[in-house]
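Enquirer: Below are the structure tokens for one structure; questions will follow.
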Amino acid sequence: MEKNKHKCIAGLFICISLNAQVGIKTTSPNSVLDVNGITSLRKELRSGGTSSQKGNAGLNGQVLVSQGEGLPPVWKSLNVSYVEEGQYKLTNTYLSSDQVGITSLSAGVAADGFYSSNIGDDITDITKGKWIKIAALENNFVIKNNKNKLNYQFQTGIEIKAPSATSAQYITFTCAVFRNGKLVAVRPDKISSNNNSSKQGLQDYIFTLNYTEQNVSTGNQKVEVACRKIDSSNLNSEFTIGKNISNTNTNSNAFTLESVFKVDIIEFIPY
């Protein structure tokens, strides 16, 4: 068994072994430099140097990353922003799109006549309105911290075609975001054909809904988007959400009117 001899300076409690190991506040250093206590650096920390060349001090904002035992650590740049303790951080983003849309609220389908919606309404409660889901926009995720913000961004194309190109017609509708089957965000709107004879009574535009929900309970969450027809000036007006009425027209298509739904999850970082 190899035995090491040490020379200690009592006042500073620094031990230097004969095989060039230095211990500070320890009489049994286990490496070339073994510090048993708090270490303060007043200047740069360098890595990977040699007996004839200084090590690399890294660049501003880089972190020191281990390469494993026996290898010097290297400086690396972070690809994500560093978050201090006690800050909110974007922990996940869900993005979904759909070109099927809603076509079941078109000509011949009566509006439900419910002009108001309330936070907490159930998506299946037909006494509060007849909601039609855009199935492909459903997202499922888990909230881990009850200090959070959920940012919802929904965009879709709306299209109407009046029975006659020379008569103005309108349809009032609404779209909403539901979390775990309950309404959390809603926006009503109206689209009019505006006597659009140049486009054969066809009119389209882009609908958007943006909302931030705060401090959602932890656990599993399911978010969905659904729309409904509130009122119509003419039962025979054609009407679609996130889909073109006809593939024969050159004014729109499923791509230009597609639905997009984005959910940003921002959570408080306590550590």
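The values are calculated or read from the model by the stated rules, or taken from the named source; none is laboratory data. Please read these numbers as outputs of a predicted model, since none were measured by experiment. Cβ placement follows ideal geometry from the backbone for every residue including glycine, while neighbour counts extend to all protein chains displayed. Remember, those area values only see protein heavy atoms, side chains included, never the ligands or the DNA or RNA. Shrake-Rupley method; radii C 1.70, N 1.55, O 1.52, S 1.80 Å.
Enquirer: If I compute solvent accessible area with a 1.4 Å probe over the protein chains, what percent of it on the range 116-232 is carbon and sulfur?
Expert: 43
Enquirer: So for 131, 75, what's the accessible-area order with a 1.4 Å probe, most first?
Expert: 75, 131
Enquirer: Given a Förster radius of 25 Å and the C-beta distance between residue 107 and residue 190 as r, what FRET efficiency does 1/(1 + (r/R0)^6) yield to the nearest 0.05?
Expert: Result of the calculation: an efficiency of 0.90.
Enquirer: Once phi is turned into θ = phi - 60°, what whole-Hz ³J(HN,Hα) does the Karplus curve with 6.51, -1.76 and 1.60 give for every residue of the range 209-223, x standing for Gly and Pro?
Expert: 9, 10, 7, 10, 9, 10, 6, 6, 4, 5, x, 6, 10, 10, 10
Enquirer: Net charge near residue 131, counting Lys/Arg +1 and Asp/Glu -1 over other residues with Cβ under 10 Å of its Cβ?
Expert: That works out to -1.
Enquirer: Using a Gaussian network model of the chain whose springs link C-alpha atoms within less than 10 Å, name the residue from 53, 62, 169 with the highest mean-square fluctuation.
Expert: Among 53, 62, 169, the largest GNM mean-square fluctuation belongs to 53.
Enquirer: Using 0.36 nm per residue of separation minus the Cα-Cα distance, give me the extension gain between residue 114 and residue 233 in nm, one decimal.
Expert: 41.3 nm
Enquirer: Just tell me which aspartates and glutamates come within less than 14 Å, Cα to Cα, of residue 130; anything on the same chain fewer than 8 places away is out.
Expert: 112, 121, 122, 231
Enquirer: Under a point spin-label approximation (7 Å from Cα along Cα-to-Cβ), what is the residue 74-residue 215 distance to one decimal in nm?
Expert: It works out to 4.6 nm between the two label points.
Enquirer: List the residues of the range 18-49 whose backbone N lies under 18 Å from a point placed 7 Å from the Cα of residue 57 along the Cα-to-Cβ direction.
Expert: Hits in the range 18-49 for residue 57 at 18 Å: 40-49.
Enquirer: Continuing with the same structure: Please work out which option in [x] 1.74; [y] 1.20; [z] 1.40 gives Cα Rg over 2.2 N^0.38 Å calculated from these coordinates, and answer with its label.
Expert: Entry [x].
Enquirer: In whole Hz, what ³J(HN,Hα) sequence does the range 29-45 give by Karplus (6.51, -1.76, 1.60; θ = phi - 60°), x for Gly and Pro?
Expert: Each residue of the range 29-45 in turn: x, 9, 8, 4, 10, 10, 10, 9, x, 7, 10, 10, 10, 9, 9, 5, 10 Hz.
Enquirer: Can you figure out the FRET efficiency of residue 251 with residue 66, using R₀ = 45 Å and their beta-carbon distance, to the nearest 0.05?
Expert: Calculated value: 0.15.
Enquirer: To continue, here is another question. Pull up the cross-link candidates among the aspartates and glutamates for residue 89, meaning alpha carbon to alpha carbon under 13 Å and not fewer than 8 places away within one chain.
Expert: 264, 267
Enquirer: Just the number please: accessible area per residue for the range 126-229, 1.4 Å probe, all protein chains included, in Å².
Expert: Normalised by residue count, the accessible surface of the range 126-229 is 45 Å².
Enquirer: A further question on this structure: Which entries in the list 147/182; 222/262; 199/229; 128/243 go over 18 Å, if you measure between the two C-alpha atoms of each?
Expert: 147/182; 199/229; 128/243
Enquirer: May I ask you to list the lysines whose Cα is less than 20 Å away from that of residue 54, ignoring any residue fewer than eight positions away on the same chain?
Expert: Of all the lysines, those that pass the test against residue 54 - Cα under 20 Å, at least 8 places apart if same chain - are 43, 76.
Enquirer: Round to a whole angstrom and tell me the spacing of the C-alpha centers of the range 242-271 and the range 19-65.
Expert: Answer, in whole Å: 53.
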